[in-house]
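Each remark here refers to the structure printed beneath this line.
Derivation of every value follows stated rules applied to the coordinates shown; laboratory data play no part. On a predicted model such as this, the values are computed, not experimentally measured, just so you know. As a convention, Cβ positions derive from the backbone with ideal geometry for all residues, glycine included, and neighbour counts pool all protein chains shown.
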Amino acid sequence: MEPKKEKKIKHLATYLAIGLVAAGVGGYIIYDIFYSTPETGVVTRDDAAASGLGKPLTFKIDDEVFSDARLYELAKEPFEGFNEQHQGIALNTRDPLAPTLESVTSTGAGRQLIVKWQLPAHINFSSVRLYRSEAKGKLGMLVYEEAISGMDSGRVMNYIDSDVVNEVQYYYLIRSVAVDEATGTEYESENGDQLFGIPADTIAPDSPLNVSVGSTGDGEITVSWINPYNTDFWFVRVYRSTVEGALGSVVYPRNENDIAEQAESYVDSVDPNTAYYYTVTSVDTSLNESSTDVLAAPYRINPFIPLP
């Protein structure tokens, strides 16, 4: 082979090798930019900013997070939350605040009503007054008054009115009273809501004590007892039945004229040689009656003891 031809072939081989190397380097750079995955390990904020490749940041523990400009943008307008409101009121003793009348209820014991009210949150008065009337819309008579201090604000108060009659409707008003210390002049609040109540006796008296039944012969049976100690007790009522466990019918008193005051016995005329069953109850002045429930014999006080 001629020397010139051999030399030309060597140059071509050299250029080809250089081209292959350049192509490999260029391909690696392109792959590294567009296709390669991020390297593992710690990348500082400065490295990430310098590379410009948008790789995820992994901060060191001692980095100041809010020194990062991007995070600072999030903190520029923080949530301000809610502000509190503070109440203020200009109190005037010449215009005292009125309590709130809440309820008027019967105790159920008769001749009593419970009146309940609540003081306002701010106190600019020295006492409260409770008025009662038997007519709606009228102030009526003063039935109760109590001194009040500033520490009583919001306090719930009540009064038991015992100067009332059963089944009568009573109306109540509650007012506050302020006193001008310089002149001694009293100022009462305006009227609030007027409420009414009706006292009633709905509580039954206790049952008679020590009830006993005995035969006196000649077709008579004596029923005796001890009257209960209720203050409103009126009389005892006696029921008779020929069937055990049944209440039967009333044999005493048959009417109001038959009532003997404070009687503690009753003689019943019956047929001889017949079993009768008696139930004794007590009745108060409001005609409430003690229990009429009848317990059929035999009765086991202790359920673990067998019946005979």
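With all pairs of different C-alpha atoms in the average, the Kirkwood value for the hydrodynamic radius of the range 209-284 is 13.0 Å. The 3J(HN,Hα) values that the Karplus relation (6.51, -1.76, 1.60; θ = phi - 60°) gives for the range 245-251 are, in residue order, x, 9, 5, x, 10, 6, 10 Hz. Gly and Pro appear as x. A simple spin-label model places the labels of Ile18 and His122 9.7 nm from each other, with each point 7 Å out along Cα-to-Cβ. Placing R0 at 35 angstrom, the Cβ-Cβ distance between Asp95 and Glu134 gives a FRET efficiency of 0.70 after rounding to 0.05. The trypsin sites (Lys or Arg not before Pro) of the range 126-201 that DSSP puts in a loop, and whose beta carbon has at most 13 other beta carbons within 10 Å, are Lys136, Lys138. Place a point 7 Å from the Cα of Ser153 along the Cα-to-Cβ direction; which residues of the range 106-127 have their backbone N under 20 Å from it? Backbone N within reach: 117-127. In a simple Cβ point-charge model (Lys, Arg +1; Asp, Glu -1; nothing else charged), the range 209-284 has a dipole of about 160 debye relative to its Cα centre.
Using R0 = 41 Å, the C-beta based FRET efficiency linking Asp293 and Ser103 works out to 0.80.
Across the range 168-185, rounded Karplus estimates of 3J(HN,Hα) from the backbone phi angles (6.51 cos²θ - 1.76 cosθ + 1.60, θ = phi - 60°) give 10, 8, 10, 10, 10, 10, 10, 10, 9, 10, 10, 10, 6, 5, 6, 10, x, 6 Hz, Gly and Pro being marked x. Ordering His122, His86 by the number of other Cβ atoms within 10 Å of each residue's own Cβ, fewest first, gives His86, His122. One chain, two ends: Val243 and Ile259. Fully extended at 0.36 nm per residue, the span grows by 3.2 nm beyond their Cα-Cα distance.
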